[in-house]
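Student: Before we start, here is the structure in question, set down as structure tokens.
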Amino acid sequence: MGTRMKVLMIDDDADVIEAVALALQVRMPEAAFRHATFGERGVEMVRTESPDVVILDLGLPDLNGFEVLARIRTFSQVPVLILTVWGDQAVIEKGLRSGANAYITKPFSQAQLLDRIKDLATGQNGS
């Protein structure tokens, strides 16, 4: 098989990071999972590690998720899935207009999240 799918998560919630890491480990063991808890570090990791998919929270300790997304979009078209508690329609639309490829609200279904990661990593952007 080819190279492993690389998933980068930018989120500061340890419980959510653990839930996603575990879901990937069980359902998609071929995926390499990395995470950053700060937006600045996440942007740097996108630049240096070239992930196949980025999972991005909007509420980070240093930058907001929209700022992180804007910075990523200055140099990369990596698929970005926003995973956040903010389910307001205006925020969702702003996220998608800002360059996100998908948007899932917390609490989330692990199956739905994994399906979206797979779709985005294989270029089947169904949003």
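Student: Among (1) surrounded by fewer than 19 Cβ atoms within 10 Å (Cβ to Cβ); (2) touching a strand residue (DSSP E or B) at 6+ places or on another chain (Cβ under 7 Å), which single condition is P51 missing?
Tutor: That leaves (1) as the condition not met.
Student: Take the conditions surrounded by 15 or more Cβ atoms within 10 Å (Cβ to Cβ), modelled with pLDDT under 95, under 13 Å from the mean Cα position of the chain (by Cα) and among the small types (G, A, S) and apply them to G42. Does it pass?
Tutor: no
Student: Checking G99 against (1) of a type in the set (G, A, S); (2) part of a helix (DSSP H, G or I); (3) in contact (Cβ under 8 Å) with a residue 12 or more places away in the chain, which test does it fail?
Tutor: Against the list (1) of a type in the set (G, A, S); (2) part of a helix (DSSP H, G or I); (3) in contact (Cβ under 8 Å) with a residue 12 or more places away in the chain, G99 comes up short only on (2).
Student: Which numbered condition in (1) crowded, with 17+ Cβ neighbours inside 10 Å; (2) free of Cβ contacts under 8 Å to residues at least 60 places away in the same chain; (3) under 19 Å from G39 (Cβ atoms) is the only one that R73 fails?
Tutor: With (1) crowded, with 17+ Cβ neighbours inside 10 Å; (2) free of Cβ contacts under 8 Å to residues at least 60 places away in the same chain; (3) under 19 Å from G39 (Cβ atoms) applied to R73, the lone miss is (1).
For (1) in contact with a Cys (Cβ under 9 Å, 6 or more places away or on another chain); (2) within 21 Å of E18 (Cβ to Cβ); (3) of a type in the set (D, E, K, R); (4) part of a helix (DSSP H, G or I), each residue gets a yes or a no:
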residue	(1), (2), (3), (4)
E30	no, yes, yes, no
V54	no, yes, no, no
R71	no, no, yes, yes
G87	no, no, no, no
G95	no, no, no, yes
Q112	no, yes, no, yes
I117	no, yes, no, yes
G123	no, no, no, no
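Student: Among the residues of the range 32-46, is there at least one that is in contact with a Ser or Thr (Cβ under 8 Å, 6 or more places away or on another chain) and either among the hydrophobic types (A, V, I, L, M, F, W, C) or over 18 Å from N101 (Cα atoms) (or both)?
Tutor: Yes: one or more hits.
Student: Here's a follow-up. Within the range 10-26, is there a residue that is surrounded by 13 or more Cβ atoms within 10 Å (Cβ to Cβ) and more than 28 Å from D88 (Cβ to Cβ)? Don't jump to the end; show me each part of the working.
Tutor: Taking the range 10-26 as the starting set, the residues that turn out to be surrounded by 13 or more Cβ atoms within 10 Å (Cβ to Cβ) are 10-13, 16-17, 19-21, 23-24.
If we keep only those that are more than 28 Å from D88 (Cβ to Cβ) as well, we get none.
No.
Student: Condition first: within 20 Å of M28 (Cβ to Cβ) and among the β-branched types (V, I, T). Can you find one or more residues in the range 83-94 that meet it? Outline the logic, then answer.
Tutor: Residues of the range 83-94 that are within 20 Å of M28 (Cβ to Cβ), as a first pass: 83.
Within this subset, residues satisfying the condition of being among the β-branched types (V, I, T) are none.
No, the conditions are met nowhere in the range 83-94.
The values are calculated or read from the model by the stated rules, or taken from the named source; none is laboratory data. Everything quoted here is computed from the prediction, not taken from an experiment. In this analysis, Cβ positions are derived from the backbone assuming ideal geometry, glycine residues included, and neighbour counts consider all displayed protein chains.
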